[in-house]
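Enquirer: Below: one structure in structure tokens.
The values are calculated or read from the model by the stated rules, or taken from the named source; none is laboratory data. Keep in mind that this is a model prediction, so the values were computed, not measured. Cβ coordinates were reconstructed from backbone atoms using ideal geometry, including for glycine residues, and neighbour counts include every protein chain displayed. Heavy atoms of the whole protein, side chains included, go into the accessibility calculation; ligands, DNA and RNA do not. Shrake-Rupley method; radii C 1.70, N 1.55, O 1.52, S 1.80 Å.
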Amino acid sequence: MDWSLRLSFSVFLILAAAIDGARADAMVTGTVFCDQCKDGQRSLFDYPISGIKVTITCTDIDGQTRMSREVTTNWFGSYSMSFDGSPNLSNCQAQASGSSDATTGCAAAAGPAQILKLTFNWFGTEIYYVDSLLTQPDHPMSFCPKSATPVSPPSTPVDPPPTPVTPTDPIFPPSTPVDEVDNSVLDEVFHLEGFDHNDEATSEASRYIPLSGYIQFLNPSGLKGKRLGIYLEGLVVSPVRTLADVIEFNNKFEKSQMTEKYGQQGLLDAQETDGINAEVKEALLNLENLSRDGLEKLMEQKLDVQLVDTLESMSLLAGQSELMLVTYFDFGFTTGKFSGSLINMLSRNPVREVECEFAVVGGQGKLRMARGFAKLKCIFYNESIPLWSFDHNDEATREASKYIPLGGYIQFLKPSGLKGKRLGIVRDPFFTSIKEPEIIRAFEHHFRTLRQQGAVLVDNLKIVSIDAIMNPFVSGEGKAMDADLKLDLNNYLEGLVVSPVRSLADVIEFNNKFTKLEMTEEYGQQGLLDAQKTDGINAEVKEALLNLAKLSRNGLEKLMREQKLDAVVTHGVDFSTVLAIGGYPGINVPAGYDSNGVPFGICFGGLKGTEPKLIEIAYGFEQATKIRKPPPPIKH
């Protein structure tokens, strides 16, 4: 299959080790094309189409729909759908079902449904790919070849009525119960509805499995009008009955069978055999011995170095004219003679290339002098997937991921994003502490710009208990942060393969031991000491968390709902405390420079799940003002 049709997910095979321990998940991805010529297949005239609804339907063994979900294609005509857990998607199909955009001119008809193909399965994570789905306009485009216009199917020839034949040798003896025959067929139908995802042949053949499976075709009148034949010896009518007849037929009709061009040596060799004789049995035993002494023996070997157990990586976009990454890998070993050691690799990563080489630049432990190269293979990538993701092992980001919109966030970068937005200005205490009049004048100018861009501003709003919210010792934020710091830092350090510290206590001791290096005398470590004194989420911390939730509920949430705001706008980053205690999103955008040339920002904040609105607002402001200037180069 063409790789350009299999863009679904970007992952390196060796990265699968990092998935170990994560819960199982599944993803379905594919692309919808506008079949402009209405020829029912992909061609050079077709293009990916956005705004098309795709329905993924799964049926049970009785043909009943057990799951149906809908997704809409993004700007690139692509769609993806995630499933938590380990759903059975072996009997599911995807089909373009309509358009969510009334202006779409290529949704008059939908092409055939396509089955979900399992293309990647590693450590419980499954990636399914769907062959291209098609939608069609009302009429083929004028530039299409005439042959592309669908041709009406040929009419079925009318055969003369068959002459009744009295069967002299019934297929089933009269003693065979009909119910027994029915059950055996039914059992086979149940078996045929599944296939082995790991077997290329059956996976490819599974594309012919019809929607709702085969049980729907158990029709008692199924023989009516069917034209049947039985192969070779069992054929009702056949010019050949044996392999020898086939050879003779090919010799007689050399031109039609193209015997001279292709020959039939394989058939001749097969004809010379006389069944499973002693020579053939010896060959079969030899094959069995080769398998046992070869692959099976290799698999039984106990290697000193086992699979890489941990992996950390980081990639940076580095290409201008092509998709190019610079990627860094840390491979850690936790078993074998290299346990506790690391291999470091760093190289350009042209993800469009199937295979690439990575330079081994060093390591730690027994591998600190490692040099060489490693070959990596790119299995999947998708340029249209926006750069957002979350950590499956982190409960907080996993829970927050439900707010990630289909197609990611890039779709909300709209220059007109401010139009119609209702923004609330909270001045106290965020503006009252500003000392420079130039900053105040800059914000008044920005407020006028927001109105000119179509936003509705509600001024001089107040957040209930704002003084308590801004004081971490009154709100309980300090206690909660201390307890979280100790718990989370200990969990992180314990999971590292190689580290001189394994807990917060080790960090404090390290700082005391290397005071000059860590500048402990200049900056101290009181925050770490306070966190070390905590003993988990006790009753005192729980009370602090409840108070934070109450302050958020009666403060920012109540204000935004009563005023029907899309976002709150204020000065700088101090507003982050209000957002942080409730788990709310916020964006800080460059808004100017003070008298010392230090940049200051304007903050847009909202409630949970309002990231799309905030991105529209922030991008609209940025495009309307274009205040940010690249910093001057550093002089050495």
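Enquirer: What list of ³J(HN,Hα) couplings, whole Hz, do you get for the stretch 497-514 from phi and the Karplus terms 6.51, -1.76, 1.60, once you set θ to phi - 60° and write x for glycine and proline?
Expert: With coefficients 6.51, -1.76 and 1.60, one gets 6, 10, 6, x, 10, 10, 7, 4, 4, 5, 4, 4, 5, 4, 5, 5, 6, 10 Hz.
Enquirer: Now a separate question. Which ³J(HN,Hα) values in Hz, rounded to whole numbers, follow from the phi angles of the stretch 395-405 under the Karplus curve 6.51 cos²θ - 1.76 cosθ + 1.60, where θ = phi - 60° and Gly and Pro get x?
Expert: Coupling constants for the stretch 395-405: 4, 5, 6, 5, 5, 5, 5, 5, 8, 5, x Hz.
Enquirer: Now for a separate question. Given a cut-off of 23 Å, name the pairs among Lys479/Lys550; Lys414/Lys626; Lys421/Lys558; Lys414/Lys435; Lys479/Lys558; Lys558/Lys613 whose C-alpha atoms lie farther apart than that in the structure shown.
Expert: Table pairs above 23 Å Cα-Cα are Lys414/Lys435; Lys479/Lys558.
Enquirer: Hey, with R₀ at 60 Å, roughly what FRET efficiency would Val456 and Asn286 work out to, going by the Cβ-Cβ distance, to 0.05?
Expert: So, using R0 = 60 Å, E works out to roughly 0.10.
Enquirer: Scan around Ser97 for amide H atoms under 5 Å from its own, H built in the peptide plane at 1.01 Å from N, and keep only partners 5 or more places away or cross-chain.
Expert: Lys53, Val54, Thr55
Enquirer: Pull out the extension gain between Asp394 and Phe514, defined as 0.36 nm times the separation in residues minus the alpha carbon to alpha carbon distance; nm, one decimal.
Expert: Length gained, Asp394 through Phe514: 40.0 nm.
Enquirer: Considering the zone a paramagnetic label at Gln364 would reach in this model (a point 7 Å from Cα along the Cα-to-Cβ line), which residues of the stretch 509-531 have amide N under 17 Å from it?
Expert: 510-511
Enquirer: Can I ask one more? Rg over Rh of the stretch 446-579, using C-alpha atoms and the Kirkwood radius, what does it come to?
Expert: That ratio equals 1.12.
Enquirer: Starting from 0.36 nm per residue, how many nanometres of slack lie between Thr577 and Ser221 once their C-alpha separation is accounted for?
Expert: Extending this stretch completely gives an extra 120.8 nm.
Enquirer: Could you report the stretch 504-549's accessible area per residue, 1.4 Å probe, as an integer in Å²?
Expert: 72
Enquirer: Now for a different question. What number, in percent, do you get for the relative contact order of the stretch 476-623 if the mean sequence gap of Cα pairs under 8 Å and at least 6 apart is divided by its residue count?
Expert: For the stretch 476-623, the relative contact order is 20 percent.
Enquirer: Heavy-atom accessible area of Tyr593 with all protein chains present, probe 1.4 Å, nearest 10 Å²?
Expert: 90
Enquirer: Still on this structure: From the backbone phi of the stretch 428-437, what are the Karplus-calculated ³J(HN,Hα) couplings (6.51 cos²θ - 1.76 cosθ + 1.60, θ = phi - 60°) in whole Hz, Gly and Pro given as x?
Expert: Listing the rounded values in order: 9, x, 6, 9, 5, 8, 6, 9, 8, x Hz.
Enquirer: I've got another one for you. State the percentage of accessible surface on the stretch 447-502 attributable to carbon and sulfur atoms; use a 1.4 Å probe and exclude ligands, DNA and RNA.
Expert: Solvent-exposed carbon and sulfur of the stretch 447-502 make up 55 percent of the total.
Enquirer: Sticking with this one: What does the net charge come to around Lys375 if you take all other residues with beta carbon closer than 13 Å to its beta carbon, with K and R at +1 and D and E at -1?
Expert: -2
Enquirer: Under the rule of at least 5 residues apart or a separate chain, name every residue whose amide H is placed under 5 Å from the amide H of Ala370.
Expert: Gly363
Enquirer: Exactly which trypsin sites (Lys or Arg not before Pro) in the stretch 432-461 are in a DSSP loop and have at most 13 other Cβ atoms within 10 Å?
Expert: Here the sparse-neighbourhood loop sites are Lys435.
Enquirer: Separate question: Around Leu325, which amide H atoms from residues at least 5 apart in sequence, or from another chain, sit under 5 Å from its own amide H, with H modelled in the peptide plane?
Expert: Amide H to amide H, under 5 Å and 5 or more residues apart or across chains, Leu325 pairs with Ala318, Asn349, Val351.
Enquirer: If you don't mind, there's one more thing I want to ask. What span do the alpha-carbon atoms of the stretch 520-636 cover on each of the three principal axes, reported in whole Å from largest to smallest?
Expert: 49, 49, 23 Å, listed from the longest principal axis down.
Enquirer: With Cβ to Cβ distances under 15 Å as the rule, what net charge do the other residues near Asp274 carry (K, R +1; D, E -1)?
Expert: Summing Lys and Arg as +1 and Asp and Glu as -1 gives -3.
Enquirer: Let's test the formula: R0 of 35 Å, r as the Cβ-Cβ distance of Glu494 and Asp84. What FRET efficiency results, to the nearest 0.05?
Expert: Between Glu494 and Asp84 the formula returns 0.85.
Enquirer: Could you order Tyr79, Tyr619 by accessible surface area, starting with the largest, using a probe radius of 1.4 Å?
Expert: Tyr619, Tyr79
Enquirer: Tell me which trypsin sites (Lys or Arg not before Pro) from the stretch 538-621 have a DSSP coil assignment and no more than 15 other beta carbons within 10 Å of their own.
Expert: Answer by residue number: Lys564, Lys608.
Enquirer: Counting Lys and Arg as +1 and Asp and Glu as -1, what is the net charge of the other residues whose Cβ lies under 12 Å from the Cβ of Lys414?
Expert: +1
Enquirer: In nanometres, what is the gap between the two model label sites at Glu248 and Arg553, each 7 Å from Cα along Cα-to-Cβ?
Expert: According to this spin-label approximation, the distance is 9.3 nm.
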